[in-house]
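The values are calculated or read from the model by the stated rules, or taken from the named source; none is laboratory data. Computed from a predicted model, the values in this text were never measured in an experiment. Glycine gets a Cβ as well: all are built from the backbone with ideal geometry, and neighbour counts include every protein chain shown.
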Amino acid sequence: MANFHNQRRKFLALLFKSAAYLFMLLTTGRLFLRGSSAEAASRSFPTPDYDWNKHQWGFGIDATRCIGCNKCVDACKAENGVPSDAHHFRTWIERYAHLDGEENVRVDSHNDPGNIKVSLQAGETRFDNRYQDANVEKAFFVPKLCNHCENPSCVQVCPTGATFRTKDGVVLIDQKYCIGCQYCVQACPYGARFFNPELNVVDKCTWCYHRITRGLQPACVEVCPTQARIFGDLNEAESPISTFVRKNRVDVLKPAMGNRPRVFYVGIDKDVS
């Protein structure tokens, strides 16, 4: 019973802190209502020479092309200052293996102890060779990242407005306003957010917003040796992502959740969620 009351006090304290912070932002006029505020309407974001009204970004993944090399994961860490340990990722790759005679698929990723051990020894993200002597019926790799949903549950639960969706379809975190409550981490159905212990804020994939708004590709897309990752402007009919969506039968992860993801997949099966 004492433990219950302690947990209740901690929850109420966090709730009060969130409410107090939200009140401060509202009363000082500093809450970023980025999609509709007069400030946002009067200028471009994030720089004056970029017009977010002209773009709708989208991301495609062809799982039939992914070879699990993890170059994308390492490039993302280097580009975005993600903690270098084996437990924090903005993007990651999962390995799916169907073994002969087994009903359930085996799934491993960066969280698996075997892969973490190999990664730490090699100084980079790697998969181990655990299936080299097994009778593998089918195996494939699936890159994962923030889905930049049209209806993001993370935005709905954020008490300070730190998490928001831009007019060009990217979900971002303004870390100046993040209080580290991690409500968004719990609300994300894709496990795409993590708490950064170095900064005491939540972090996630931004599609390298600082790059795409300057005409560059996300770091993970740029380094992919098999072109398994596709990025572009859905407003442009002949962009790489528009062509990818038009020419393939694409799927999204967990469509029943109603989040309407903007990451489109080819080559995944019912075991991928």
Would you kindly identify the helices (runs of 4 or more DSSP H) lying entirely within the stretch 178-273 that contain at least 3 residues that are in the same structural domain as residue 161 (by TED's automatic domain parsing) and within 12 Å of residue 60 (Cα to Cα)?
-> 240-247
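Conditions tested, residue by residue: (1) loosely packed, with under 12 Cβ neighbours inside 10 Å; (2) of a type outside the set (Ser, Thr, Tyr); (3) in contact (Cβ under 8 Å) with a residue 40 or more places away in the chain; (4) farther than 23 Å from residue 268 by Cβ.
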residue: 110; (1), (2), (3), (4): no, yes, no, no
residue: 118; (1), (2), (3), (4): no, yes, no, yes
residue: 126; (1), (2), (3), (4): no, yes, yes, no
residue: 131; (1), (2), (3), (4): no, no, no, no
residue: 136; (1), (2), (3), (4): no, yes, no, no
residue: 139; (1), (2), (3), (4): no, yes, yes, no
residue: 143; (1), (2), (3), (4): no, yes, yes, no
Only one of (1) closer than 30 Å to residue 179 by Cβ; (2) of a type in the set (Asp, Glu); (3) touching a strand residue (DSSP E or B) at 6+ places or on another chain (Cβ under 6 Å) is not met by residue 150, so which one is it?
-> (3)
In the stretch 258-269, residues that are surrounded by fewer than 19 Cβ atoms within 10 Å (Cβ to Cβ) and under 16 Å from the mean Cα position of the chain (by Cα) total 1
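When the residues of the stretch 78-101 are filtered to those that are charged (D, E, K, R) and modelled with pLDDT of 95 or more, which remaining residue is surrounded by the fewest Cβ atoms within 10 Å (Cβ to Cβ)?
Looking only at the stretch 78-101, we keep the residues that are charged (D, E, K, R), and these are 79, 85, 90, 94-95, 100.
Right, trim to modelled with pLDDT of 95 or more and you get 79, 90, 94-95, 100.
Numbers: 79: 17, 90: 25, 94: 20, 95: 20, 100: 9.
Across the stretch 78-101, the extreme among qualifying residues is 100.
To keep it simple, each residue is scored yes or no on (1) of a type in the set (A, V, I, L, M, F, W, C); (2) surrounded by fewer than 20 Cβ atoms within 10 Å (Cβ to Cβ).
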| site | (1), (2) |
| --- | --- |
| 147 | no, no |
| 150 | no, yes |
| 154 | yes, no |
| 161 | no, yes |
| 165 | no, yes |
| 176 | no, yes |
| 182 | no, yes |
| 191 | no, yes |
| 194 | yes, yes |
